[in-house]
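A quick write-up on the structure given underneath.
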Number of protein chains: 2
Amino acid sequence: MSEFDQQIAVQPAGDGEFKADLAPGWVVGGGVNGGYLLAVIGNAIRASLQDKPDPIAISAYYLAAAEPGPVVVTTRTLREGRTIATVAADLVQGDQTRLTTLATYGDLGDLPDDVRTSAEEPVLPPPDECVPNTMAPEEVRRIAPLMERFDMRFDPAHVGWAVGKPSGNGVLQAWFRLNDEREPDPLSLLLTVDALPPVTFDLGMPGWAPTLELTAHVRAHPAPGWLKVRHATRNMAGGMFEEDCEVWDSAGRLVAQSRQLARQPR
Amino acid sequence: MSEFDQQIAVQPAGDGEFKADLAPGWVVGGGVNGGYLLAVIGNAIRASLQDKPDPIAISAYYLAAAEPGPVVVTTRTLREGRTIATVAADLVQGDQTRLTTLATYGDLGDLPDDVRTSAEEPVLPPPDECVPNTMAPEEVRRIAPLMERFDMRFDPAHVGWAVGKPSGNGVLQAWFRLNDEREPDPLSLLLTVDALPPVTFDLGMPGWAPTLELTAHVRAHPAPGWLKVRHATRNMAGGMFEEDCEVWDSAGRLVAQSRQLARQPR
């Protein structure tokens with residue numbers, strides 16, 4: 001069993017509740033990474049349903065930071081039809097809800113095969129010509145142990161922030177692959193959409209950008225291999241910004257899209 | 001009191017519940033318009049909070065179509081801090097939840113003034129050089145009385161679908177203004193992001209496109225006057241498509257962004 005699967009594991013505790021244990025390895029800055037939390041909740045929702053294994057849409061509102069350690073995920077099915085189900089789920093730690101979500105699940109394998117997209121696949125140099133996360137300075141890796149959980153290769157064209165020269169365009173691009181060569185699936189995509197540094201790094205604003213809300217759409221089962229992840233923001237205003245994320249699989253398909261609203265780093 | 005304000009009115013019924021009456025004038029095809037439902041829920045959430053009048057982010061999952069007539073909106077505050085509150089709200093008709101939402105509210109007037117956007121304002125001819133919704137054929141207006149609720153002027157460059165010549169680009173643009181010259185505000189923007197025909201019209205797929213999920217971000221108080229609304233889709237696949245919406249105010253500011261996941265019209 002891969003590290004990722006161990007760390008998102010949930011145990012049924014009756015009445016739609018599941019126990020999980022947030023691994024310390026997903027900490028970044030002051031809390032546990034929001035994408036990892038989404039994957040843990042997503043795994044509990046999957047376990048609560050019979051034949052609808054895949055997240056199709058999930059919206060998460062981040063109420064408070066979570067810490068490593070035990071949590072309870074409560075799930076409540078609001079409506080279940082033949083092909084999709086809508087579920088509300090909360091991640092509770094101590095007596096406080098840290099993350100509340102709504103989600104629609106189904107079976108992505110049952111969807112028709114049509115693809116008619118005008119979205120353009122991001123262009124990146126091959127992974128071995130990109131900048132690996134292992135090159136991050138020791139002090140960064142100490143406050144962001146999550147960077148040990150995956151292999152991330154930054155597009156050199158959008159990595160100026162790492163040497164104090166952000167492009168100012170509001171774009172980050174990277175290759176992404178989980179440890180243990182754990183292949184991507186719809187659940188791991190929930191992590192992938194929130195695993196890169198905030199796109200505000202490329203605007204010259206390093207620092208933590210707390211997510212208020214994040215919605216992800218998973219559109220297809222990803223093919224095995226490296227994923228391409230692109231983050232972009234266009235509208236930084238009123239102390240907040242939107243961050244759009246696209247995830248493309250090794251077959252060149254746009255497999256997930258997300259948008260989050262986050263607070264501008266201080 | 002404008003028609004819109006009358007039709008989104010809510011009456012407190014105790015315990016975070018509000019009664020409302022869905023107006024028949026917002027029907028389109030088989031149900032009540034989803035943007036109008038969002039504005040009704042949004043008004044109830046506003047009424048449930050003391051000093052946080054504005055939606056900042058709201059995510060809606062559409063469980064079943066709603067009909068004109070009485071509904072109950074239940075609200076539950078999940079967390080309230082100094083500047084923002086997160087609320088769960090459901091719209092219930094008969095004994096069935098039709099729409100379930102999560103939302104973050106605050107006071108948009110309290111946000112800092114910074115605007116640093118790379119988004120480009122859509123270019124449209126002036127309203128009187130665009131195609132008004134009043135030109136829709138009588139049979140369309142009969143099944144879509146919501147078109148009587150606002151003045152909508154379609155960009156001629158993206159209105160080929162109306163004469164059987166869709167551009168195939170997946171873009172719609174229009175000017176938008178509510179009846180009674182009711183000026184836009186953060187609440188009316190919740191309607192505006194889902195008031196145009198589905199963007200799939202421009203892909204040669206007329207017909208109803210049921211929304212699974214819609215998330216809107218309201219980023220600023222809109223200036224009075226006409227709004228510019230732009231819908232675009234890039235990824236039609238697996239029988240679903242995403243629809244991105246931008247709303248720009250008369251001062252040239254991007255005041256709302258939304259994305260929905262919808263089923264492809266049959």
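Of note:
- For A:Ala251, the criteria (1) under 27 Å from A:Asp110 (Cα atoms); (2) free of Cβ contacts under 8 Å to residues at least 40 places away in the same chain; (3) away from every other protein chain (no Cβ under 14 Å) hold in every case but one, which is (3).
- Per-region count, region A:215-230, residues within 14 Å of the chain's Cα centre (by Cα) and either outside any strand (DSSP E or B) or not charged (D, E, K, R) (or both): 6
- Within region A:58-80, residues that are away from chain B (no Cβ under 12 Å) have Cβ atoms under 6 Å from residues that are part of a loop (DSSP other than H, G, I, E, B) in these pairs: A:Ala65/A:Gly30; A:Thr75/A:Gly16, counting only partners at least 6 apart in sequence or on another chain.
- Close pairs from region A:40-56: first away from every other protein chain (no Cβ under 14 Å), partner surrounded by fewer than 24 Cβ atoms within 10 Å (Cβ to Cβ) and assigned to a loop (DSSP other than H, G, I, E, B), Cβ under 6 Å, at least 6 apart: A:Asn43/A:Val10; A:Ala44/A:Val10; A:Arg46/A:Pro53; A:Ala47/A:Val10; A:Ser48/A:Gly16
- Taking region B:1-117 and the strands (runs of 3 or more DSSP E) fully enclosed by it, the elements with 3 or more residues that are among the hydrophobic types (A, V, I, L, M, F, W, C) are at B:17-22, B:54-62, B:69-80, B:85-93, B:96-106.
- Some residue of region A:201-217 being at pLDDT 95 or above, more than 9 Å from chain B (Cβ to nearest Cβ) and under 20 Å from A:Pro132 (Cα atoms): no
- Cβ-Cβ distances below 9 Å connect the following pairs, each with a first residue in region A:1-20 that is among the charged types (D, E, K, R), a second residue that is part of a loop (DSSP other than H, G, I, E, B), and a separation of six or more residues or different chains: A:Glu3/A:Ala23; A:Glu3/A:Arg149; A:Glu3/A:Arg182; A:Asp5/A:Arg182; A:Lys19/A:Val10; A:Lys19/A:Ala13.
- Looking only at region B:81-102, and only at residues there that are small (Gly, Ala, Ser) and out of contact with any Phe, Trp or Tyr (no Cβ under 8 Å at 6 or more places or on another chain), the one that is nearest to the other protein chains (Cβ to nearest Cβ): B:Ala88
- Qualifying residues in region B:174-196 (those that are in a loop (DSSP other than H, G, I, E, B) and touching a helix residue (DSSP H, G or I) at 6+ places or on another chain (Cβ under 8 Å)) - the one surrounded by the fewest Cβ atoms within 10 Å (Cβ to Cβ): B:Arg182
- Being within 14 Å of chain A (Cβ to nearest Cβ), surrounded by fewer than 18 Cβ atoms within 10 Å (Cβ to Cβ) and among the aliphatic types (A, V, I, L, M) holds for only one residue in B:Val115, B:Val163, B:Val123, and it is B:Val115.
- Failed item in (1) without any contact (Cβ under 8 Å) to a residue 12 or more places away in the chain; (2) within 24 Å of A:Ile8 (Cβ to Cβ), with A:Ile143 passing the rest: (1)
- Region A:118-147 - residue that is touching a Lys or Arg at 6+ places or on another chain (Cβ under 7 Å) and not in a loop (DSSP other than H, G, I, E, B) and, of those, nearest to B:Gly204 (Cα to Cα): A:Pro127
The values are calculated or read from the model by the stated rules, or taken from the named source; none is laboratory data. These numbers were taken from a predicted model, which means no experiment stands behind them. Counting neighbours? That spans all protein chains shown, and the Cβs are built from the backbone with ideal geometry, glycine included.
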